[in-house]
Structure formats: structure tokens, C-alpha cells
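> For reference, the structure I am asking about is given below.
The values are calculated or read from the model by the stated rules, or taken from the named source; none is laboratory data. Predicted model, so just to flag it, every value in this text is computed and none were measured. Reconstructed Cβ throughout: ideal geometry from the backbone, glycine too, with neighbour counts over all protein chains shown. Ligands, DNA and RNA are excluded from the accessible area calculation, which covers all protein heavy atoms including side chains. Shrake-Rupley method; radii C 1.70, N 1.55, O 1.52, S 1.80 Å.
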Amino acid sequence: CFRSASSRFNPGQRIRQSEFEQELELHGRHRRFFEYLLSTLEADHVLRRSNGWLELKQNMSDWPDAGGLAQQIRQRFPNFAGLPSMLEQCGKHYRDVLAGRIPGVSVLMPEGDRSYLKARLQQETIDYRGLDDYKELVLRIVEPWAGNKPVRILEVGGGGGDLTWKLAPRICAAGSQY
């Protein structure tokens, strides 16, 4: 949504955050989530915020294409193909959700029920919630980072964050917050 929002938002140039919010047609009820997105981009050194201004640090055209990235993940991890599909679905609709044109829940429940989620999680993704091997794999990857910088866990789906609840205590013990 950031890439499509402003063609004049190039590295080194500044734009008032309020102007950017107008360009995105940000709805007030999504301001907190938008602030979280900005803080994530700032922590990753993609942009800098200062006194109501945003300064882009990287060229948006250098950002990976979400669809291509999702396809690479599906090819590399076919047993988890439903997860990048859901992330891609969310990314495609961020702008409409942030503007309040569509309710956020409709992105993962487009038919008004859980059929989309069921297809992604039950038909395209193996059941990983009860498998401690996945927890250990994720922890081996994430724990070394946890003491050096914030670890962000993006939960996708209509579940209860089963894997996150297993990960959080160890990640927090390594220095991150949940």
C-alpha cells in the first residue's frame, strides 16, 4: 500500500505524515495499526520519522514484490503454501482496509465465513500447531535475533496463535517483548 500511495515518496525526500495519511485515505479507526506499520518500517531502517515528517531511506522499487515473494515461499515450503497465500491476500487489501472501504475481517473471510481460511489452513498447509519440531526450528532461527533487536511475530489466520503462545516465553527470555 505504501508503494502505490505516493509516486513522489523517493529516498531522501520527505513527506508530512499527515499528507501521506491523506493520500492513503487513512480512516481514524486504523491509526494505531498504521502507526505500528510505520514503527516497523522505521525499526527496519526503511524510513525515518521526525517531527511529523517521514523520510524514505530505501527505494520502494527495491522492495520485493509481495506476490513473487509469496510464490517463492510456496515453492520452497509447499507444505505451508496456505500461509504465504494468506499474507499475500492481506497485503493486497491493506489500502482498502486502512481507508475503511472494507472491513478487515472480510480480507480473510471474503465469503463471510471461514471457507477461505479453512482452504488455506487445512488443504494447503499441514497441521503444525501440535508439532514441537516446528517450535524448536523457529526458536533456533529467532532466538539469536531476540537479544539484538525486536522480534515481530505476525499472526495470520483465524486461530488462537497456538504457535506464538509456545514461542513467546523463550523469545521474551532472550530479550524481546511480547
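> Note down all Cβ pairs under 8 Å where the first residue falls in the stretch 41-53 and is touching a residue at least 60 places away in the same chain (Cβ under 8 Å), the second is of a type outside the set (Val, Ile, Thr), and they're at least six residues apart or on different chains.
Pairs that qualify, where the first residue is touching a residue at least 60 places away in the same chain (Cβ under 8 Å) and the partner is of a type outside the set (Val, Ile, Thr), are ALA43/LYS149; ALA43/PRO150.
> So which pairs qualify, if the first residue must be in the stretch 17-34 and in contact (Cβ under 8 Å) with a residue 60 or more places away in the chain, the second must be in a helix (DSSP H, G or I), the Cβ gap must be under 6 Å, and the two must be at least 6 apart or on different chains?
Short answer, once both residue conditions are applied: LEU24/ALA5; LEU24/LEU98; LEU26/PHE34; LEU26/LEU98; HIS30/LEU98.
> Just name the residue that is most open to solvent (accessible area, probe 1.4 Å) out of those in the stretch 98-116 that are of a type in the set (A, V, I, L, M, F, W, C) and in a helix (DSSP H, G or I).
VAL105
> Still on this structure, I have one more. With respect to ARG120, determine if the residue is open to solvent by less than 50 Å² (accessible area, probe 1.4 Å), modelled with pLDDT of 85 or more, over 21 Å from GLU35 (Cα atoms) and more than 15 Å from the chain's Cα centre (by Cα).
Yes: the conditions hold for ARG120.
> Could you tell me which numbered condition PHE77 fails, if it satisfies all but one of (1) of a type in the set (A, V, I, L, M, F, W, C); (2) closer than 17 Å to ARG120 by Cα; (3) surrounded by 14 or more Cβ atoms within 10 Å (Cβ to Cβ)?
(3)
> Name the residue that is surrounded by the fewest Cβ atoms within 10 Å (Cβ to Cβ), counting only residues in the stretch 13-55 that are in contact with a helix residue (DSSP H, G or I) (Cβ under 9 Å, 6 or more places away or on another chain), charged (D, E, K, R) and part of a helix (DSSP H, G or I).
ARG31
> Limited to the stretch 81-97, what total is found for residues that are among the hydroxyl-bearing types (Ser, Thr, Tyr) and open to solvent by less than 30 Å² (accessible area, probe 1.4 Å)?
1
> Can you tell me which residue in the stretch 1-29 is farthest from VAL97 (Cα to Cα), limited to those that are modelled with pLDDT of 85 or more and among the aliphatic types (A, V, I, L, M)?
The residue in question is ILE15.
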